[in-house]
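Here is the structure we will look at.
The values are calculated or read from the model by the stated rules, or taken from the named source; none is laboratory data. On a predicted model such as this, the values are computed, not experimentally measured, just so you know. Every residue, glycine among them, receives a Cβ derived from its backbone with ideal geometry; neighbour counts consider all protein chains shown. Just so you know, the surface numbers come from the protein's heavy atoms only, side chains and all, with ligands and any DNA or RNA stripped out. Shrake-Rupley method; radii C 1.70, N 1.55, O 1.52, S 1.80 Å.
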Amino acid sequence: MKPLWWHSEDAENDQAWYKTLVQNGWELDPLPEPTQIQSDQPVLWRLDELNMDQAVALQNRLQAFPTMATAHEALNAHLANPVVCAYQKERLTHGLATLKEALRARGVCFCCGRDGLHEVLNEAEIGHRKLKRLTQENAQLREKLQQRALIEQAKGRLMQTQKLNENEAYHLMRRQAMNEGQKLVVFAQNLLKSTECPSRET
């Protein structure tokens, strides 16, 4: 069984939806308060009708949900959980269409009716895992670039103060970092903070 957070504002039809989900291998748990969500399992938000008021209520509730940690500013508000909003019918208006697009940008998928709900949940979960992997890779790349920039700054400082060429400055940093048992980036950070530079004889 696959775990699924479950919230419903349509108690009248819950039994049929619940049965469909269980038959497709989902184990439903009541949705806790956002601050208590400890895993990135999918969230199913059940409605009888998706209208502007319900969409706004969903958006407001999602404001308190944890977001995915990423170094990419465009994804800062992306939800840490895949969310599927499932409903029986939709009262589509121009404002609702715009709001749905905004919710999709945060990681919300929509499904009208029980048919295909299992597939939508799976797709939301798969898409979320891919995005999570990409954001982690992006964060790692951002960290490596920041580290490289620090090393280049420290190397430039050595070149200026010690009258070294680029290769000499780099090897001096490497040697000094090894002597002090530090990673090169840590040595570079400390060098940029200090007022003294290691001499080439060190």
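Please state which of the following conditions Q189 fails to meet, knowing it meets all the rest: (1) open to solvent by less than 60 Å² (accessible area, probe 1.4 Å); (2) modelled with pLDDT under 90; (3) of a type outside the set (D, E, K, R); (4) over 20 Å from the mean Cα position of the chain (by Cα).
(1)
Report, by residue number, each residue of the stretch 118-176 that is within 30 Å of V83 (Cα to Cα), open to solvent by less than 70 Å² (accessible area, probe 1.4 Å) and in contact (Cβ under 8 Å) with a residue 24 or more places away in the chain. Quick ask: steps written out before the conclusion?
Step one: list which residues in the stretch 118-176 are within 30 Å of V83 (Cα to Cα), which gives 118-143.
When the remaining residues are screened for being open to solvent by less than 70 Å² (accessible area, probe 1.4 Å), the result is 118, 120-122, 124-125, 127-128, 131, 135, 138-139.
The answer is H118, V120, L121, A124, E125, G127, H128, L131, T135, N138, A139.
For residues in the stretch 45-89 being among the basic types (K, R) and either assigned to a strand (DSSP E or B) or within 20 Å of I126 (Cβ to Cβ) (or both), which is modelled with the highest pLDDT?
Restricting to residues being among the basic types (K, R) and either assigned to a strand (DSSP E or B) or within 20 Å of I126 (Cβ to Cβ) (or both), the top hit is R46.
Scan the stretch 9-44 residue by residue and report those that are within 19 Å of N122 (Cα to Cα), surrounded by 13 or more Cβ atoms within 10 Å (Cβ to Cβ) and among the acidic types (D, E).
Selection gives D40 alone.
Which of the residues that make up the stretch 3-42 are in contact with a Phe, Trp or Tyr (Cβ under 6 Å, 6 or more places away or on another chain) and either part of a helix (DSSP H, G or I) or under 17 Å from R114 (Cβ atoms) (or both)?
Listed by number, the residues that qualify are L4, H7, L28, P34.
When N51 is evaluated against the numbered criteria (1) in contact with a strand residue (DSSP E or B) (Cβ under 7 Å, 6 or more places away or on another chain); (2) surrounded by 15 or more Cβ atoms within 10 Å (Cβ to Cβ), which criterion, by number, is the only one it fails?
That leaves (1) as the condition not met.
Need pairs with beta-carbon distance below 8 Å; first residue part of a strand (DSSP E or B) and within the stretch 90-101, second surrounded by 13 or more Cβ atoms within 10 Å (Cβ to Cβ) and not acidic (D, E); sequence gap 6+ or separate chains.
Here the result reads E90/L50; E90/N51; E90/L96; E90/C112, each pair linking the stretch 90-101 to a residue that is surrounded by 13 or more Cβ atoms within 10 Å (Cβ to Cβ) and not acidic (D, E).
Between a residue in the stretch 15-42 that is touching a residue at least 24 places away in the same chain (Cβ under 8 Å) and any residue that is of a type in the set (V, I, T) and not in a helix (DSSP H, G or I), which pairs come within a Cβ distance under 9 Å, given they are 6 or more apart or on different chains?
Short answer, once both residue conditions are applied: L31/I37; L31/V43; I37/V43; P42/V83; P42/V84.
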